[in-house]
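See structure below.
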Amino acid sequence: MSPITHFLGSWLVATATTNNSRDRKLVTLAGILPDLDGLGIIADLAGAMLSGKESSFHYYQHYHHYLLHGWPGALFVTVLLVWFAGQHWRVAILCLLVFHLHLVCDLIGSRGPTAGDLWPINYSEPLYRNPVFFWKGQWRLDGWQNRLISIVLVLTELSLATRRCYSCVEVFSRKADAVFVSVLHKWRESLFAKTSLANRMGPKG
Ligand SMILES: [Zn+2]
């Protein structure tokens, strides 16, 4: 699935299972850091721009789902993040859980354009070749299933943000999050004001 979908899903798990901002961020990061191994795409695109030739996406194809999409990556990311955690054991377990949620989501929804373009999870890479997991029914990365899941996650996040007074923007900046949540509150208030005005005026006829 896309990094944005992973981000929103991990954030929702983090908000339901942690009780402070720092641990929420760490658990959310555990759900998106696996896709760091796809950053080779930047080198691919830069190389294509500089050479003027079409990119073969060499680095992306070789390293994405290879370096950080298995148990070695899960341990590495968890140990790294737990170092900064408030509640170490809780965050460790949640990081492992959210990391594996990422792997499961990729397993079911990361196929390429053609039916045979399955993207497997090499669970022991980069240390060992096996086991390799794949699912023949894997959805397209840009398929309607992933879009639907993303829309549901966005709507859920917006709804929770107005009630809890913090949102996933918190992961990047608390100031920006405060601004974002205040805008959401204004939208909600103006929406309620219009609805109650329409109800008071009632149907004309
Ligand atoms: Zn991934």
In whole Hz, the Karplus estimates of ³J(HN,Hα) for the stretch 152-167 (6.51, -1.76, 1.60; θ = phi - 60°; x where Gly or Pro) are 4, 5, 5, 5, 4, 4, 4, 5, 5, 4, 5, 7, 8, 6, 8, 9
For Lys194, the lysines lying under 24 Å Cα to Cα, once residues fewer than eight places off in the same chain are dropped, come out as Lys186, Lys204
GNM on the chain, Cα springs under 10 Å; top mean-square fluctuation among Phe84, Phe192, Phe57 goes to Phe192
Under the Karplus relation with 6.51, -1.76 and 1.60 and θ = phi - 60°, whole-Hz ³J(HN,Hα) for the stretch 124-140, x at Gly and Pro, equal 10, 5, x, 7, 10, 6, 10, x, 10, 10, 8, 10, 5, x, 3, 6, 5
Once normalised by the length of the chain, the mean sequence separation of its alpha carbon contacts under 8 Å that are 6 or more apart gives a contact order in percent of 20
Correct semi-axes for the stretch 72-195, from √(5λ) of the alpha-carbon gyration tensor and rounded to whole Å with the largest first, are 35, 24, 10
Packing-ranked peptide list from 178-190, 64-76, highest mean Cβ count within 10 angstrom first, is 64-76, 178-190
Lys and Arg at +1, Asp and Glu at -1: neighbours of Val82 with Cβ under 12 Å from its Cβ sum to +1
Cα-based Rg/(2.2 N^0.38 Å) for the stretch 1-147, rounded to two decimals, is 1.10
Cross-link reach from Lys25 to lysines, straight Cα distance under 16 Å and at least 8 residues apart if same chain, gives Lys175
Rounded to a whole %, the carbon-and-sulfur portion of the accessible area of the chain at a 1.4 Å probe is 68
A correct Karplus calculation of ³J(HN,Hα) over the stretch 94-110, with 6.51 cos²θ - 1.76 cosθ + 1.60, θ = phi - 60°, whole Hz and x for Gly and Pro, returns 5, 4, 4, 5, 5, 4, 6, 4, 4, 4, 5, 5, 5, 4, 8, x, 9
Counting only residues 5 or more apart in sequence or on a different chain, those whose built amide H sits under 5 Å from that of Arg140 are Arg111
Expected max-MSF residue from Ser124, Ser110, Ser56 in the GNM of the chain (alpha carbon, under 10 Å) is Ser56
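The values are calculated or read from the model by the stated rules, or taken from the named source; none is laboratory data. Being a predicted model, the structure only gives us computed values, none of them experimental. A quick note on method: Cβ atoms are made from the backbone with ideal geometry, for glycine too, and the neighbour counts reach across all protein chains shown. In case anyone asks, the SASA skips ligands and DNA or RNA and just uses the protein heavy atoms, side chains included. Shrake-Rupley method; radii C 1.70, N 1.55, O 1.52, S 1.80 Å.
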